[in-house]
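Asks: Pasting a structure here, questions to come.
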Amino acid sequence: MGQILAIDYGKARCGIAATDDMQIIASGLDTVETKVILEFFKKYFNENKVEEVVVGLPTDLKGNASEVETDILKFIEEFKKEFPDVQIHRFDERFTSKMASFFISQSGKSKKKRQEKGLIDKVSATIILQNFLEQRTR
């Protein structure tokens with residue numbers, strides 16, 4: 001088995017989470033500038049076996065796609081060209097940023113650390129991945 005990664009894609013940066021090789025536990029991995037994310041994955045995939053990637057699907061409460069969806073679709077196209085053997089899934093990411101902010105606030109981190117956008121993105125990716133894993137086992 002290999003890892004599953006999740007991406008909380010954003011225009012400026014992306015939060016990334018990964019499972020262990022047994023695909024049991026999701027953990028925050030990193031926050032990467034969007035403009036260099038494919039380079040990050042090239043290096044990461046050379047050092048780790050990754051079978052699947054979950055990309056957050058940002059929608060509003062009515063289920064309409066958010067404005068960043070166009071950028072995400074372009075990214076997915078480029079990703080598929082670069083890594084054709086890695087399966088891609090989409091997963092609803094509604095409320096993950098709010099949940100991430102809440103979990104960070106409950107962790108005892110300083111106010112400055114809690115407001116760090118990169119940390120929120122990484123925790124959001126972890127929530128996306130954990131929810132994906134839970135849905136898969138149902």
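The values are calculated or read from the model by the stated rules, or taken from the named source; none is laboratory data. In this text the structure is predicted, and so the values were computed from the model without any measurement. In this analysis, Cβ positions are derived from the backbone assuming ideal geometry, glycine residues included, and neighbour counts consider all displayed protein chains.
Asks: What number of residues in segment 34-60 are under 13 Å from the mean Cα position of the chain (by Cα), in a strand (DSSP E or B) and not aliphatic (A, V, I, L, M)?
Replies: In the first step, residues of segment 34-60 are kept if they are under 13 Å from the mean Cα position of the chain (by Cα); the result is 34, 37, 41, 52-58.
Those left that are additionally in a strand (DSSP E or B): 52-57.
Okay, now just the ones that are also not aliphatic (A, V, I, L, M), so 52, 56.
So the count comes out to 2.
Asks: Another question, if that's okay. Which ones in segment 17-48 are closer than 20 Å to residue 136 by Cα and not acidic (Asp, Glu)? Can you show your working first?
Replies: The initial filter retains those residues of segment 17-48 that are closer than 20 Å to residue 136 by Cα, namely 17-28.
Across segment 17-48, the qualifying residues are 17, 18, 19, 22, 23, 24, 25, 26, 27, 28.
Asks: If I ask for residues that are among the β-branched types (Val, Ile, Thr) and at pLDDT below 95, which ones from segment 73-96 would you list? It would help to see each step written out before you state the result.
Replies: To start, the set of residues in segment 73-96 that are among the β-branched types (Val, Ile, Thr) comprises 76, 86, 88, 96.
96 - this is the single residue of segment 73-96 that is among the β-branched types (Val, Ile, Thr) and at pLDDT below 95.
Asks: Would you say residue 52 is over 19 Å from residue 124 (Cβ atoms), at pLDDT 95 or above and of a type in the set (Asp, Glu)? Write out each step before concluding.
Replies: On the way: over 19 Å from residue 124 (Cβ atoms): no; at pLDDT 95 or above: yes; of a type in the set (Asp, Glu): yes.
Criteria not met by residue 52.
Asks: Which of the numbered conditions does residue 38 fail, given that it passes all the others? Conditions: (1) touching a helix residue (DSSP H, G or I) at 6+ places or on another chain (Cβ under 9 Å); (2) among the hydrophobic types (A, V, I, L, M, F, W, C); (3) closer than 19 Å to residue 91 by Cβ.
Replies: Failing condition for residue 38: (3).
Asks: Follow-up question, since we're still on this one. What single numbered condition from (1) within 19 Å of residue 127 (Cα to Cα); (2) of a type in the set (Ser, Thr, Tyr); (3) loosely packed, with under 14 Cβ neighbours inside 10 Å fails to hold for residue 59?
Replies: Tallying (1) within 19 Å of residue 127 (Cα to Cα); (2) of a type in the set (Ser, Thr, Tyr); (3) loosely packed, with under 14 Cβ neighbours inside 10 Å, residue 59 fails exactly one: (3).
Asks: Which count do you get for residues in segment 1-33 that are outside any strand (DSSP E or B) and of a type outside the set (A, V, I, L, M)? First the steps, then the outcome.
Replies: To start, the set of residues in segment 1-33 that are outside any strand (DSSP E or B) comprises 1-2, 9-12, 20-25.
With of a type outside the set (A, V, I, L, M) added as a condition, the list becomes 2, 9-11, 20-21, 23.
Number of matching residues: 7.
Asks: Looking at (1) part of a helix (DSSP H, G or I); (2) modelled with pLDDT of 95 or more; (3) not aromatic (Phe, Trp, Tyr), find the lone condition where residue 105 falls short.
Replies: The number of the failed condition is (2).
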